[in-house]
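The values are calculated or read from the model by the stated rules, or taken from the named source; none is laboratory data. It should be emphasised that the depicted structure is a prediction, and the values quoted were computed from it without experimental measurement. Cβ placement follows ideal geometry from the backbone for every residue including glycine, while neighbour counts extend to all protein chains displayed.
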Number of protein chains: 2
Amino acid sequence: MNIVSMIEKTIASKPIYDGKIIKVKVDEVELPNGKTAKREIVNHPGAVAVMAITEDDRMVMVRQFRKPLEKILVEIPAGKLEPGENPETCAERELQEETGYTCKTLHHQASFYTSPGFADELIHLYRAEGVKPGEAQPDEDEFVELLHVTKEEAQRLIENGEIQDAKTILAVYAWKLDASS
Amino acid sequence: MNIVSMIEKTIASKPIYDGKIIKVKVDEVELPNGKTAKREIVNHPGAVAVMAITEDDRMVMVRQFRKPLEKILVEIPAGKLEPGENPETCAERELQEETGYTCKTLHHQASFYTSPGFADELIHLYRAEGVKPGEAQPDEDEFVELLHVTKEEAQRLIENGEIQDAKTILAVYAWKLDASS
């Protein structure tokens, strides 16, 4: 199957919501077979996430309440990109604001879409090296608790459902793979 | 920090959109410090994804056009849960519909939220065992191309950006970890 035979051409696009963080629209598309269909689409500014491993081989994580789930999750530090912001700058800023940690260098680990079926959110994941603790400066509406998690604890938190966040499980697996290679 | 000091209490909830797949609402919440804030929330029915490894150690993947990104992505087979559907039944159904493959058993690998900051989509990831090829029966509006990817190819597709989907990278890492343990 070639690329042209997969593309869905936009016939009409209806804006639904223009919010502070997300936008929502419904596109009417022409399918490769000539039929039409509706596509509900969420636009998101994108985000960064950081794997910060301390000198004693613990991953820096935060425990925080997530309103869409009405649940507290354990996640790696992350945050939305400001308009036009460089992802690396954002990663350094979010790591320091949320956890207080600074780092010497950042390496790009992977970039991935979180929900390609309905949203365009792209997360850039970085590995922070030479991390040093400091004082956190969370946003006014951010309430987070800092954790320092060993590989064994991370595996246990995944198994007992406290780590139930895609980017964080992906980061823990990357960390374990790195150690096993 | 205890749990109570993190929870955001809903003061008001405004429905924005009630679509075929997603719902959108804006909640006004009371923060732990007594201030208020808005939370833009997307509700999603949840989904399943399947790691299907063939006898010759290749992962079954599909190449498909994703309208929110206006891009073709390589992903593992996945699909939305129907209302009340058992995730395991859904995983078997989606695997067969999209790829034609059937399996003897399914094992739960992990469940994860894809975008906990703004959406409640939860993906249940299964590992299919005893897989056998068959005839695909894609949905009327689904146009997918089947791929059989070795571990080395999967790593290359991640590095060159053809695999740029969170659940698929997570699945490839899990596959590699399994092999290295």
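Looking at (1) in contact with a Lys or Arg (Cβ under 6 Å, 6 or more places away or on another chain); (2) at pLDDT below 95, which is the one condition that is false for A:Ile123?
(2)
In the range B:158-181, which residues are surrounded by 16 or more Cβ atoms within 10 Å (Cβ to Cβ), touching a Leu at 6+ places or on another chain (Cβ under 9 Å) and in a helix (DSSP H, G or I)?
B:Ala166, B:Lys167, B:Thr168, B:Ile169, B:Leu170, B:Ala171, B:Val172, B:Tyr173, B:Ala174, B:Lys176, listed by residue number.
In this structure, is B:Glu140 exposed (fewer than 14 other Cβ atoms within 10 Å of the Cβ) and within 11 Å of chain A (Cβ to nearest Cβ)? Talk me through it step by step, then tell me what you get.
Details: exposed (fewer than 14 other Cβ atoms within 10 Å of the Cβ): yes; within 11 Å of chain A (Cβ to nearest Cβ): yes.
Against the criterion (exposed (fewer than 14 other Cβ atoms within 10 Å of the Cβ) and within 11 Å of chain A (Cβ to nearest Cβ)), B:Glu140 qualifies.
Return the residues of the range B:40-61 that are facing another protein chain (nearest Cβ under 7 Å) and either surrounded by fewer than 21 Cβ atoms within 10 Å (Cβ to Cβ) or β-branched (Val, Ile, Thr) (or both); say none if nothing qualifies.
B:Ile41, B:Val42, listed by residue number.
What is the number of the single condition among (1) facing chain B (nearest Cβ under 7 Å); (2) buried (at least 18 other Cβ atoms within 10 Å of the Cβ); (3) assigned to a strand (DSSP E or B) that A:Tyr17 does not meet?
Checking A:Tyr17 against (1) facing chain B (nearest Cβ under 7 Å); (2) buried (at least 18 other Cβ atoms within 10 Å of the Cβ); (3) assigned to a strand (DSSP E or B), the one that fails is (2).
Is it the case, given these coordinates, that A:Leu147 is more than 30 Å from A:Ala37 (Cα to Cα), assigned to a strand (DSSP E or B), among the aliphatic types (A, V, I, L, M) and within 13 Å of chain B (Cβ to nearest Cβ)? Break it down stepwise before answering.
Numbers: more than 30 Å from A:Ala37 (Cα to Cα): yes; assigned to a strand (DSSP E or B): yes; among the aliphatic types (A, V, I, L, M): yes; within 13 Å of chain B (Cβ to nearest Cβ): yes.
Against the criterion (more than 30 Å from A:Ala37 (Cα to Cα), assigned to a strand (DSSP E or B), among the aliphatic types (A, V, I, L, M) and within 13 Å of chain B (Cβ to nearest Cβ)), A:Leu147 qualifies.
Do the conditions hold for A:Gly100, that is, is it more than 15 Å from the chain's Cα centre (by Cα) and crowded, with 22+ Cβ neighbours inside 10 Å?
Working: more than 15 Å from the chain's Cα centre (by Cα): yes; crowded, with 22+ Cβ neighbours inside 10 Å: no.
No.
Quick one: in the range A:99-134, which of the residues that are within 14 Å of chain B (Cβ to nearest Cβ) and in a loop (DSSP other than H, G, I, E, B) is farthest from A:Glu40 (Cα to Cα)?
Going through the qualifying residues, I end up with A:Thr114.
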